[in-house]
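Chemist: What follows is a single structure, and I will ask about it in a moment.
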Amino acid sequence: MQKIAVGVLGATGMVGQQYIRLLENHPWFEVAYVAASPQSAGKQYKEALKNGWLVGGELPARVGELVVGDVSDVAAAAKKCAFVFSAFEMPEKDLIRQYENEYAAADMPVFSNASAHRGTDNVPMIIAEINPHHLDIIPEQQKQNGWKKGFIVVKPNCSLQSYLTPIFALMKEGYEVEKLIITTLQAISGAGYPGVASLDVVDNVVPYIDGEEEKTENEPLKILGEAKGGTFVPHRGLAISAHCNRVPVTDGHLACVNVAFGKKKPSREEILSIWQTFRADPQTLDLPFAPKQPIIYRDEPNRPQPRKDRDADKAMAVSVGRLREDSVFDFKFASLSHNTVRGAAGGGILAAELAYKKGYIAH
Ligand code: NAP
């Protein structure tokens, strides 16, 4: 099979570099185009990496030779690639939305890590194991916008990736989840490079991440919601309260979760059995980036831990542990996922694989 040419917008950043690393030797997709800010445009990719190659291994030599485009030059991207992964950052969210719309209007599907389009009514926010069917709003989105082949799909915020799949697995088995209190311990790489100043985060915890608690509380409701009449209707009956903290860990967001069920409450054994047997639907499970076991339960009393568990199953699995009864809610547990892989580039690639399998990306 001839590989599909893809572009990475924001290719020089933390998430963009993960895309380049993860897409090397991908069976279906090949990076044919990279773009970043006007300061990087015109340089060879390897020269444009002002902070160097940050994501481990070696920069793929072929990509290092590509000349970086300007994100605003949509026509240049259209000549080189069939669709784009969007991971560029700008202070103006309106401008991110505008550029992503321009890519979609120019027949290039966009898989975005930015938050700009997460609140857009007809844009699906995908965690492939939870809501693969939300992609089926794409024809309606195209119709509403007058786009032919282009569309926009977003990834949710990285802070909720670790706990939402375990919660969804329980809901899928008929247990109503009514309340969640989430306390996240989030890695420094979540803030991009150079992220939080070392003097602020070494020997310290920062109990504030701008905008993160709102995203952690609201985005799950869209993911768990339903598409009706060309828009997403948020899930009702689940209240979430979040505390988000920045901690001195390089990669891997940990969440401590307290959960309250409705009238029907599972036992600890039932929860463990549901998590251990949970699998994505067959179409998702067979995708190259899908973890074979999306939820891995660790029996050790002191796991999961970022350094030990973040790379589980290509860094795409969620590691869970410490399930125990809660004296205020019903149960509590800890969960962990890799923020720049599962929570960003890897999750974006998985969503694109799913869209391709469903026939939404023209080859
Ligand atoms: P980052 O390391 O700061 O990288 C930012 C990227 O945006 C760079 O490629 C940069 O290019 C580009 N950029 C900056 N100003 C620009 C402009 N005016 N026009 C076009 N491109 C511009 O950030 P990141 O951590 O990779 O995050 C990228 C996006 O993914 C953000 O929306 C972030 O919220 C989201 N995200 C991040 C994570 C994570 O764990 N880090 C997880 C989920 C989602 P230059 O090198 O040329 O400046």
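Chemist: I want to confirm something. Restricting to segment 176-219 and keeping residues that are touching a His at 6+ places or on another chain (Cβ under 8 Å) and within 16 Å of the ligand (Cβ to nearest atom), which single residue is nearest to LEU54 (Cα to Cα)?
Modeler: Filtering first and then ranking leaves GLY190.
Chemist: Can I ask one more? Does at least one position in segment 100-118 carry a residue that is closer than 17 Å to MET14 by Cα, within 11 Å of the ligand (Cβ to nearest atom) and not in a loop (DSSP other than H, G, I, E, B)?
Modeler: So far as segment 100-118 goes, yes, one or more of its residues are closer than 17 Å to MET14 by Cα, within 11 Å of the ligand (Cβ to nearest atom) and not in a loop (DSSP other than H, G, I, E, B).
Chemist: Moving to a separate point now. Is there a residue being touching a Gly at 6+ places or on another chain (Cβ under 8 Å) and either in contact (Cβ under 8 Å) with a residue 40 or more places away in the chain or crowded, with 19+ Cβ neighbours inside 10 Å (or both) anywhere in segment 311-319?
Modeler: Checked segment 311-319: at least one residue is touching a Gly at 6+ places or on another chain (Cβ under 8 Å) and either in contact (Cβ under 8 Å) with a residue 40 or more places away in the chain or crowded, with 19+ Cβ neighbours inside 10 Å (or both).
Chemist: Could you check LEU95 against (1) modelled with pLDDT of 95 or more; (2) within 12 Å of the ligand (Cβ to nearest atom); (3) loosely packed, with under 15 Cβ neighbours inside 10 Å; (4) outside any helix (DSSP H, G or I) and say which number it fails?
Modeler: So the condition that LEU95 fails would be (4).
Chemist: Same structure, new question: Filter segment 221-247 down to residues that are surrounded by fewer than 16 Cβ atoms within 10 Å (Cβ to Cβ), modelled with pLDDT of 95 or more and in contact with a helix residue (DSSP H, G or I) (Cβ under 6 Å, 6 or more places away or on another chain), then give me how many there are.
Modeler: So the count comes out to 2.
Chemist: Let me ask something else. Can VAL196 be described as assigned by TED's automatic domain parsing to the domain that holds ARG324 and in a strand (DSSP E or B)?
Modeler: Criteria not met by VAL196.
Chemist: Within segment 119-159, restricting attention to residues that are acidic (Asp, Glu) and assigned to a loop (DSSP other than H, G, I, E, B), which residue is surrounded by the most Cβ atoms within 10 Å (Cβ to Cβ)?
Modeler: Across segment 119-159, the extreme among qualifying residues is GLU129.
Chemist: Let me confirm something: among ILE126, ILE138, ILE152, ILE130, which residue is among the β-branched types (Val, Ile, Thr), closer than 27 Å to PRO294 by Cα, under 15 Å from the mean Cα position of the chain (by Cα) and away from the ligand (no atom under 16 Å from the Cβ)?
Modeler: ILE130
Chemist: Consider only pairs whose beta carbons are under 8 Å apart and that are at least six residues apart or on different chains; among these, list those whose first residue lies in segment 8-25 and is of a type in the set (Asp, Glu) and whose second residue is outside any loop (DSSP other than H, G, I, E, B).
Modeler: These pairs meet every condition: GLU24/VAL31; GLU24/VAL63.
The values are calculated or read from the model by the stated rules, or taken from the named source; none is laboratory data. Small disclaimer: the values here were computed from a predicted structure and weren't measured. No Cβ is skipped: glycine too gets one built from the backbone with ideal geometry, and neighbour counts run over all protein chains shown.
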